[in-house]
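Reading through the structure tokens given below for one structure.
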Amino acid sequence: MSRLKKTILPAILLLAAYYAVFSGEYSWFALREVRMELEEVEDELARKRQQIDSLLALADSVESDPSMLERIARERFGMIRDGETLYRFAEPSNSVRPSVDSAGTERR
């Protein structure tokens, strides 16, 4: 009987340890994965909170600073004051036009 206990008890303990580490919903690997995911979500939450704080500061400055409001009106909406002239410049195109020399051959 004692020989049976010496053989079965370690086997049961090894089986329980294997189950705890490698399988099941609460295994060591599953918990490690959940902790890593939690860390990523907390990092994203911190970034979102920082973004919210930044936007709240911008909203506060727009409400309290007339020059900031004017700047946004000029930059985003192209608004101008009476008597001012607005000049808009077109973005250069990315296409390359071939140049032609006096003989009519294309150069690049």
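Bear in mind these aren't lab numbers, they're just calculated from the coordinates by the rules spelled out. The structure displayed is predicted, hence computed values, not measured ones. All Cβ positions, glycine included, derive from the backbone under ideal geometry; neighbour counts span all protein chains shown.
Laid out as a table, the results:
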item	result
Matching helices (runs of 4 or more DSSP H) fully within the stretch 1-91 where at least 1 residues are exposed (fewer than 10 other Cβ atoms within 10 Å of the Cβ) and aromatic (Phe, Trp, Tyr)	66-77
Hits in the stretch 19-78 (condition: among the polar types (S, T, N, Q) and under 20 Å from the mean Cα position of the chain (by Cα))	Gln50, Gln51, Ser54
